[in-house]
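Take a look at the structure below.
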Amino acid sequence: MYAITGVTGKVGGALARVLLADGQPVRAVVRAADKGHAWAERGCEVALAEMHDSASLAAAFKGAEGVFILPPSEFDPSPGFPEARAVIDAVKAALESALPGKVVCLSTIGAQASQLNLLTQRTLMEQALGTLSIPIAFLRPGWFMENAAWDVVSARDSGVIYSFLQPLDRPVPMVATTDVGRVAAALLEQRRSGRRVIELEGPRRISPNNVAAAFAEILGRPVRAEAVPRETWREFFKSQGMKDPEPRIRMLDGFNEGWIEFERGEAGSIKGETELAAVLGSLVKQAGWPGNSSATMAA
């Protein structure tokens, strides 16, 4: 039995589907019973747990051959990351109590960076869970291609996507969530011991200009990328309701300045199979726009 947290999200859902296709038993760990109905219909066992509640997590992990940890992302953390620390403490206590056979934990590119930024939440998690006696693998994906969902309407309606990743021709490690789920499933099914770090990106690195070109092909209209001036970021994020934009700004600086990168660089990462055009084509369809079907099918 494999216990999967975050199963209602893109990565956790992709992972669960791969395991089910492999004939593996899956325990879907959800916060509310109604969130588990669809997974129960697929044949999953359903367990209720909150990520900050060690007792409910321990019960959900009990007897599992493997556990997948997908910590909730706090996009506007308080100073010192208390929200992430509460989850980390609960998850660690639950794993120490349940003692599953192995753990795969979703981390991030740049988890080894010493500079404080939004991704430091994953650094703290690796540091805490890395001391467990249970075999554990930290899966560090690049920037999710699905983040381009925010750009679909702008690309379609105005022919512009606005980028915080700069310069616009600089390729960034990106990966599709389906590849993350597939690799996580393989890690859960493997026999191993000790602590491992696996860094994952897509078949090739992608610049904002590449994203714009892919949108143009799919939508059948010109699309260009436009850089959002850095001096406007703080007020823009605050206008969206953020209390302290600094961690997010520093994360973007890290990508743009190159210090958020894989620990072993591009040569040391494993490569996914899913191309950007396939992801963008799916996002465009989900938004109710048919796009260029021949370009989407060719992706």
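The values are calculated or read from the model by the stated rules, or taken from the named source; none is laboratory data. Because the structure is predicted, anything quoted here is derived from the model rather than measured. Cβ placement follows ideal geometry from the backbone for every residue including glycine, while neighbour counts extend to all protein chains displayed. The area values use the complete protein model at the heavy-atom level, side chains included, leaving out ligands, DNA and RNA. Shrake-Rupley method; radii C 1.70, N 1.55, O 1.52, S 1.80 Å.
Checking each residue in segment 166-199 for being among the charged types (D, E, K, R), outside any helix (DSSP H, G or I), in contact (Cβ under 8 Å) with a residue 12 or more places away in the chain and open to solvent by 10 Å² or more (accessible area, probe 1.4 Å) picks out Asp169, Arg170, Arg192, Arg195, Arg196. Residues in segment 265-299 that are within 17 Å of Met145 (Cα to Cα), outside any helix (DSSP H, G or I) and either touching a His at 6+ places or on another chain (Cβ under 8 Å) or at pLDDT below 95 (or both): Ala287, Ala299.
Okay, residues lined up against (1) open to solvent by 50 Å² or more (accessible area, probe 1.4 Å); (2) of a type in the set (S, T, N, Q); (3) closer than 24 Å to Phe255 by Cα; (4) in contact with a helix residue (DSSP H, G or I) (Cβ under 7 Å, 6 or more places away or on another chain):
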{"site": "Val46", "(1), (2), (3), (4)": "yes, no, no, yes"}
{"site": "Asp53", "(1), (2), (3), (4)": "yes, no, no, yes"}
{"site": "Ala59", "(1), (2), (3), (4)": "yes, no, no, no"}
{"site": "Asp76", "(1), (2), (3), (4)": "no, no, yes, no"}
{"site": "Gly80", "(1), (2), (3), (4)": "no, no, yes, no"}
{"site": "Asp89", "(1), (2), (3), (4)": "yes, no, no, no"}
{"site": "Ala94", "(1), (2), (3), (4)": "no, no, no, yes"}
{"site": "Asn117", "(1), (2), (3), (4)": "no, yes, yes, yes"}
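Applying the condition of being free of Cβ contacts under 8 Å to residues at least 60 places away in the same chain and within 12 Å of Tyr2 (Cβ to Cβ) to segment 21-42 and asking which residue is surrounded by the fewest Cβ atoms within 10 Å (Cβ to Cβ) yields Gly23. In the set (1) over 24 Å from Arg205 (Cβ atoms); (2) open to solvent by 10 Å² or more (accessible area, probe 1.4 Å); (3) part of a helix (DSSP H, G or I); (4) among the hydrophobic types (A, V, I, L, M, F, W, C), Ala149 fails one condition alone, (1).
The conditions of being out of contact with any helix residue (DSSP H, G or I) (no Cβ under 7 Å at 6 or more places or on another chain), open to solvent by less than 20 Å² (accessible area, probe 1.4 Å) and under 19 Å from Glu217 (Cα atoms) are met by Gly159.
Could you check how many residues of segment 60-105 are over 21 Å from Gly13 (Cα atoms), out of contact with any His (no Cβ under 6 Å at 6 or more places or on another chain) and part of a helix (DSSP H, G or I)? Counting residues in segment 60-105 that are over 21 Å from Gly13 (Cα atoms), out of contact with any His (no Cβ under 6 Å at 6 or more places or on another chain) and part of a helix (DSSP H, G or I) gives 13.
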